[in-house]
Amino acid sequence: MNRIAILTRDCGGVNAAIRAVVRTAAASGLLVDGVLRGYEGLIRGDFVPLDRRSVSNIIGLGGTILKTARSETFTTDEGQQAALASMRARGIDGLVVIGGNGSLSGARVLASKYGFPVVGIPATIDNDVPGVESAIGADTAVNVALDAVDKIRDTATSLERIFVVEVMGRKCGWIAMQVALSGGCEEVLLPEKDVPIDALCEEIVAGRARGKASWIIVVAEGRSTASGVASAITAATGLETRIAVLGHVQRGGRPTAVDRILAARLGHAAVEALADGRTGGCVHLRNGRVEFLPFGTAGEVKITDIESDYHLLKVLS
Ligand code: F6P
C-alpha cells in the first residue's frame, strides 16, 4: 500500500482523527489524500494531498477541514463505480472513512461489493453504530448540551419554570440519557422507553403541591419534539412551559479531551489496520482496547442500561 485517502462526516473530534491518520501514515511512509465533501467528492475525484504540516493545529477544531456532503449519487452503481475509478486514477489503494452509520454503510459497499480496502472509524454524535461503545463526537455533543442545560437551569430555578430541552440523536436516546443524568434533570423522554406524558404531568402537579418549583425535561428528537411535549404539559397542568431546541450546536464546537484521545487511538489504529491488510470493518475501542469490527456485524446499539439509568435519574432528581 502506497497511497491512502480519508473521507469524513462532521462532528467534534473528526479533525483530530484526520490528524492522527495523516501523521501515522506519514510515519509509515504512506502518502495521504483528503477527499473533499464526502462521497460526492470521491465520485468527482476531489482530492487534496495531506502531509504532516497540513494537519497542524487542527486537533481542537470542530467540524471537518475536508468539508462534507450527503450524496444520493453514491447510492447508485454508477456513482460507486465512478468513486472507484477516481481512486484508481489517483493511485489510491486504501480508504479510511470517518463517520456515522450512513458513511459506514458506504464504506461497507466499497469493501463488500467491490473488494476495495476500507477501514471505518465510527464518528457520530448519536453514538448509534451497532456494536460500538463510543463513537467520536458523542462525548463532545453531550458536553455541549450539558453546558446549555446548566445555563437553562439558572433561569428555570430563578423563575420557577418548567423547561423542555430537545436534543439530537436521530432514532437513538443516548445523548438524551447522558445529558439528563449529568445535568440532574427531572425527566428524560427516549425513543427506547415509554414514559407516558400523562404520568409525567401527574408527577409535576404532585411536585408543585409539595413545593417543587422547577423541572428540566430532556426529550430526544427521536421520541418527540420539545414543543409537542411542552404543549401537552401546559394543556394537562395549566403551567407555563418553555422550550429549548439545541439542534446543530451539539455537532460543533471544540472536541473534548475524551474525543480527541479516542480520535488519536482510532486514527492510528485505522492506518495500522489498512497497512496490515485488516480491512472491511471498523476500528473501535472496547474496554479501552482497540478492536476490529467487520462491517455488517450484528450488534446492539447500547445506550447504557436504560432501566437502571432511568431509575437512577428518578431517584436522584
Ligand atoms: O446524525 C447526526 C445528526 O446530527 C442527528 O443527530 C440529526 O438527527 C441529524 O444528523 C441532522 O441531520 P442534518 O444535519 O442533515 O439536518
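The table that follows gives values for the structure above.
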item: Yes/no for ILE233 being under 18 Å from TRP174 (Cβ atoms), more than 12 Å from the ligand (Cβ to nearest atom) and either of a type outside the set (Ser, Thr, Tyr) or not assigned by TED's automatic domain parsing to the domain that holds VAL179 (or both); result: no
item: Any hit, the stretch 26-38, residues being within 16 Å of the ligand (Cβ to nearest atom), under 26 Å from HIS248 (Cα atoms) and open to solvent by less than 10 Å² (accessible area, probe 1.4 Å); result: yes
item: Residues (exposed (fewer than 15 other Cβ atoms within 10 Å of the Cβ) and of a type in the set (Val, Ile, Thr)) located in the stretch 258-303; result: THR297
item: Boolean, ALA83 is open to solvent by less than 10 Å² (accessible area, probe 1.4 Å) and hydrophobic (A, V, I, L, M, F, W, C); result: yes
item: Meets criteria (open to solvent by less than 60 Å² (accessible area, probe 1.4 Å), more than 16 Å from the ligand (Cβ to nearest atom) and at positive phi) for GLY169; result: no
item: Residues located in the stretch 102-122, provided they are within 16 Å of the ligand (Cβ to nearest atom), over 16 Å from GLN81 (Cα atoms) and touching a strand residue (DSSP E or B) at 6+ places or on another chain (Cβ under 9 Å); result: SER103, LEU104, GLY120, ILE121, PRO122
item: Top-ranked residue of the stretch 209-232 - restricted to ones that are surrounded by fewer than 16 Cβ atoms within 10 Å (Cβ to Cβ) and in contact (Cβ under 8 Å) with a residue 12 or more places away in the chain, ranked as nearest to the chain's Cα centre (by Cα); result: THR225
item: Hits in the stretch 237-266 (condition: in a helix (DSSP H, G or I) and away from the ligand (no atom under 16 Å from the Cβ)); result: THR237, ALA257, VAL258, ARG260, ILE261, LEU262, ALA263, ALA264, ARG265, LEU266
item: ASP150, sole failed condition from (1) part of a helix (DSSP H, G or I); (2) surrounded by 18 or more Cβ atoms within 10 Å (Cβ to Cβ); (3) away from the ligand (no atom under 16 Å from the Cβ); result: (2)
item: Residue pairs meeting the criteria (Cβ under 8 Å; at least 6 apart or on separate chains; first farther than 14 Å from ILE306 by Cβ and in the same structural domain as GLY102 (by TED's automatic domain parsing), in the stretch 171-186; second open to solvent by less than 10 Å² (accessible area, probe 1.4 Å) and modelled with pLDDT of 95 or more); result: none
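The values are calculated or read from the model by the stated rules, or taken from the named source; none is laboratory data. Everything quoted here is computed from the prediction, not taken from an experiment. FYI the Cβ positions are ideal-geometry reconstructions off the backbone, even for glycines, and counts take in every protein chain you see. To get the accessible areas, we keep the full protein, side chains included, count just its heavy atoms, and leave off ligands, DNA and RNA. Shrake-Rupley method; radii C 1.70, N 1.55, O 1.52, S 1.80 Å.
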